[in-house]
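Each remark here refers to the structure printed beneath this line.
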Amino acid sequence: MARAGLTTETLVRAGAELADEIGFEHATPTELARRFGVRTASLYSHVRNAHDLKTGIALLALEELADRVSEAVAGRAGKDALTAFADAYRDYALQHPGRFAAAQFRLDPEAAAASAGARHAQLSRAVLRGYDLPEPQQTHAVRLLGSVFSGFVGLEGAGGFSHSAPDAQESWTAILDALDALLRTWPARS
């Protein structure tokens with residue numbers, strides 16, 4: 001065991017907690033060193049630099065989110081699957097705002113290939129099977145869902161819906177109804 005119980009996994013998990021508390025952009029080796037009461041240099045045998053730490057947090061977040069979404073959509077189809085998928089993303093973003101931001105972090109190709117990112121795409125496509133969309137329309141729909149979910153939870157997390165009516169939940173439900181209707185009637189193109 002390293003000094004102060006430090007391991008790469010310990011630092012990444014502590015970095016993820018820090019990201020949720022103060023924001024992903026502020027989850028740095030310097031901040032972690034303060035938390036552990038060690039010098040920043042002590043961390044560099046476990047994480048090479050801030051980018052390495054952020055990559056670790058992103059990989060953790062992608063894995064956690066994929067696990068949640070997978071559990072939520074299991075055994076569901078159509079609108080039920082769409083709603084479960086969307087709610088899992090939204091709940092994760094609200095509970096773990098820093099980790100959700102980390103899940104958007106641009107990974108290098110090697111890290112991306114080893115990440116749970118592919119599971120996210122598979123889960124999206126599994127939901128879309130209930131709507132019988134052919135390729136390349138399925139790819140367009142995956143991008144639409146990702147854009148809508150990320151955009152909504154980003155605005156909600158930033159307080160963008162806090163000062164107006166109706167309640168954000170009412171809008172969320174209306175958006176999911178609209179997405180379901182759109183996916184059921186998606187225009188076919190060659």
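Given N residues in region 1-86, what is its alpha carbon radius of gyration divided by 2.2 N^0.38 Å?
Its radius of gyration relative to the 2.2 N^0.38 Å reference: 1.38.
Evaluate the charge dipole of region 1-62 about its Cα centre and quote only its size in Debye, nearest 20, assuming +1 on the Cβ of each Lys and Arg and -1 on the Cβ of each Asp and Glu.
Magnitude of the dipole: close to 300 debye.
Any idea of the accessible area per residue across the chain, 1.4 Å probe, to the nearest Å²?
Per residue, the chain has an accessible area of 54 Å².
Hey, got the Cα dimensions of the chain along the principal axes, in Å, largest first?
Per principal axis, max minus min of the Cα coordinates gives 58, 40, 28 Å.
Using a 7 Å offset from the Cα along the Cα-to-Cβ direction at both Glu25 and Glu170, what is the distance between the two label points in nm, to one decimal?
That separation, rounded to one decimal, is 3.3 nm.
May I ask which residue of Ala103, Ser150, Val38 lies farthest towards the positive end of the charge dipole of region 8-185, with charges of +1 (Lys, Arg) and -1 (Asp, Glu) on Cβ and the Cα centre as origin?
Val38
Please report, in debye to the nearest 20, how large the charge dipole of region 88-190 is about its Cα centre when each Lys and Arg carries +1 at its beta carbon and each Asp and Glu carries -1 there.
In total the dipole reaches around 280 debye.
Could you tell me which of Pro134, Ala113, Ala77 has its Cα farthest along the dipole of the chain towards the positive end, charges placed at Cβ (Lys, Arg +1; Asp, Glu -1), taken about the Cα centre?
Ala113
The values are calculated or read from the model by the stated rules, or taken from the named source; none is laboratory data. Small disclaimer: the values here were computed from a predicted structure and weren't measured. Note: ideal-geometry Cβ built from the backbone for every residue, glycine included; neighbour counts use all protein chains shown. What goes into the accessible areas is simple: the full protein's heavy atoms, side chains included, and nothing from ligands, DNA or RNA. Shrake-Rupley method; radii C 1.70, N 1.55, O 1.52, S 1.80 Å.
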